[in-house]
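Have a look at the structure below before the remarks.
The values are calculated or read from the model by the stated rules, or taken from the named source; none is laboratory data. Predicted, not measured: the structure shown is a model, and the values here were computed from it. Positions of Cβ are backbone-derived with ideal geometry, glycine not excepted, and every protein chain shown enters the neighbour counts. These area figures cover heavy atoms from the full protein model, side chains too; ligands, DNA and RNA do not enter into them. Shrake-Rupley method; radii C 1.70, N 1.55, O 1.52, S 1.80 Å.
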Amino acid sequence: MYLRLITGKAVQALSRILCNGRSQYFYSTTSTRIPANFLVKYLIHSLGFSKKEATFTSSKLTSQKTLKDPDLVLNFLKQTGFDKTDIKILVSRAPTLLYRDVSKTLKPKLQCLMDLGLSGSDLVNVIAKDSNIFMRSLDTHLRPTIDCLRRILGSDEDVAKAIKRAPWLLSFGTHHIMETNVLFLRNYGFSNVIVKKFVLRSPGCINLKPEWFKDLLYRVEKDFRVLPDSPSFLRGFHVLASQKKSMLERKIGIFKSFGWSDDDILEMFRKLPYCIAKSDVRIQKSLNLYMKELGFEPAYLASHPAILAYSLEKRVAPRMQVLKILDEKKLERRKWTLYRVLMITESKFIEYFVLPYKDQIPYLYESHKKTVTP
């Protein structure tokens, strides 16, 4: 029934053959309209997809376009350095890849990325995260965008770093947006060095719509009263850019429900903006612990915000448990504040509060290590 649906050259193009190292499908050099289930069959036989995986991947195509020889695409990717697993990942995320012309589209665009030093798993990850790179024009979009990033960051190595962190830099927006936003930063007095560090740390921010970008700069300075020369200014910008205004207001509402004033919240933000970036649940849990259980006041937490940033599960609770065990056994220990205990590195904590008691409490070290982050 499957072959009876195809006539003429399509029959010849899609006839099954048995060849070593070659897909079981043979293709003509001209495009042919394909039946809806052809891609499913091809993914199963050529890339080892399960039927469920192949059906799901095929469903991502809005229409069954014409297809030349997908084996040309697969062979090119293999020659470029992609293994079968890499190719399966790419195709599963972007099945339109099989419809691209190797010489006109894939090769020059991949080469453009490889010229930056991207290769192997880095190249795979960039394309897998944003296959829209292949949808953009090489001459009017990709190259101008890369050239713009070179001017901002100064080297191909740093351009590659930024693209690895935010592959959509090459497909979303235009280089004109980046240039406009960089100009905003310079008008605020930020040097080229600081702009470069900001883009490397938060590459996605530089591609925001200029009106949003300008508004965020204003909000950090006017609404949250952070001066542009403060180290927290661009960190605060990133925190605001990473969440919707409604989400931010909801989090501020949680702090206020625990008795925090506007001044308390502003002080915390100026010192460590990241505290507002945590999830609602984590903020709620932290405030429950520090305020309801331990009795800390908003003013103290606002002036020592790092305590709110640490993981309760991987840092705070394990260290409090060690202190509790030492106190229950009435062993002498350093009488530090909880803030100071939490601020020291893990190696120092073990040196000061775990190893000195290995004879009295043999299990303490292993028990503690199981619950903390390396």
(request) Tabulate in residue order the Karplus-calculated ³J(HN,Hα) for segment 103-114, using 6.51 cos²θ - 1.76 cosθ + 1.60 with θ = phi - 60°, rounded to whole Hz; enter x for Gly and Pro. (result) 6, 8, 10, 5, 4, x, 6, 5, 5, 4, 6, 5
(message) Could you sort the peptides 87-95, 205-213 by per-residue average Cβ neighbour count (10 Å cutoff), highest mean leading?
(response) 87-95, 205-213
(request) Take every Cα pair under 8 Å in the chain that's 6+ residues apart, average their separations, divide by the length, and report that relative contact order as a whole percent. (result) 7 percent
(message) How tilted is helix 262-271 with respect to the longest principal axis of the chain? Cα atoms for both, answer in degrees (0 to 90, nearest 10).
(response) 70 degrees
(request) Can you list which of the trypsin sites (Lys or Arg not before Pro) found in segment 165-268 are DSSP loop residues with at most 12 other C-beta atoms within 10 Å? (result) Lys244
(request) Would you mind checking Lys84/Lys107; Lys129/Lys245; Lys214/Lys278 for any pair whose Cα atoms are more than 21 angstrom apart? (result) Lys129/Lys245; Lys214/Lys278
(message) Restricting everything to alpha-carbon atoms, can you work out Rg to Rh for segment 243-370 with a Kirkwood hydrodynamic radius?
(response) 1.04
(request) Grab the DSSP H runs of the chain that are 4 residues or longer, score each as -39,500 (n - 2.57), total them, divide by all residues and round the 222 nm result to the nearest 500 deg cm²/dmol. (result) -15000 deg cm²/dmol
(request) Keeping all protein chains in place, calculate the accessible area per residue for the chain (probe 1.4 angstrom), answer in Å². (result) 53 Å²
(request) For segment 250-318, state which GluC sites (Glu not before Pro) are in a DSSP loop and have at most 14 other beta carbons lying within 10 Å of their beta carbon. (result) none
(message) Just to confirm the number: angle between the C-alpha axis of helix 38-47 and the first principal axis of the chain, 0 to 90 degrees, nearest 10?
(response) 70 degrees
(message) With 17 Å as the cut-off, how large is the P(r) tail for segment 54-139, expressed as percent of Cα-Cα pairs?
(response) 44 percent
(request) Compute log10 of I(q)/I(0) for segment 35-102 with the Debye formula, placing one identical point scatterer on every Cα and leaving out solvent, at q = 0.19, 0.25 Å⁻¹, to two decimals. (result) -0.67, -1.20
(request) Whenever you get a sec, compute what percent of the accessible area on the chain sits on carbon and sulfur atoms (1.4 Å probe). (result) 53 percent
(request) Once every Cα of segment 208-309 carries one equal point scatterer and solvent is ignored, give the base-10 log of I(q)/I(0) from the Debye formula at q = 0.09, 0.12, 0.14, 0.24 Å⁻¹, two decimals. (result) -0.21, -0.37, -0.50, -1.36
(message) Largest first, please: the extent of the C-alpha atoms of segment 63-216 along each principal axis, to the nearest Å.
(response) 54, 30, 24
(request) Report, ordered by chain and residue number, the aspartates and glutamates lying within cross-link reach of Lys314, taken as a straight Cα distance under 12 Å and ignoring same-chain residues fewer than 8 apart. (result) Glu346
(message) Checking the table Lys78/Lys104; Lys109/Lys197; Lys209/Lys244 against a 21 Å threshold on Cα-Cα, which pairs fail?
(response) Lys109/Lys197
(request) Could you run the Karplus curve 6.51 cos²θ - 1.76 cosθ + 1.60 with θ = phi - 60° over segment 135-143 and give me ³J(HN,Hα) per residue in whole Hz, x for Gly and Pro? (result) 8, 8, 5, 5, 7, 9, 10, 4, 5
(request) Report Rg/Rh for segment 315-370, rounded to two decimals, where Rg is the Cα radius of gyration and Rh the Kirkwood radius. (result) 0.91
(message) I need the phi-derived Karplus couplings for segment 335-344: 6.51 cos²θ - 1.76 cosθ + 1.60, θ = phi - 60°, integer Hz, Gly and Pro marked x.
(response) 8, 9, 6, 4, 4, 5, 4, 6, 6, 6
(message) What translational diffusion coefficient, to the nearest whole µm²/s, does the chain have by Stokes-Einstein, given a Kirkwood radius computed over alpha-carbon pairs, a temperature of 37 °C and 0.692 mPa s viscosity?
(response) 130 µm²/s
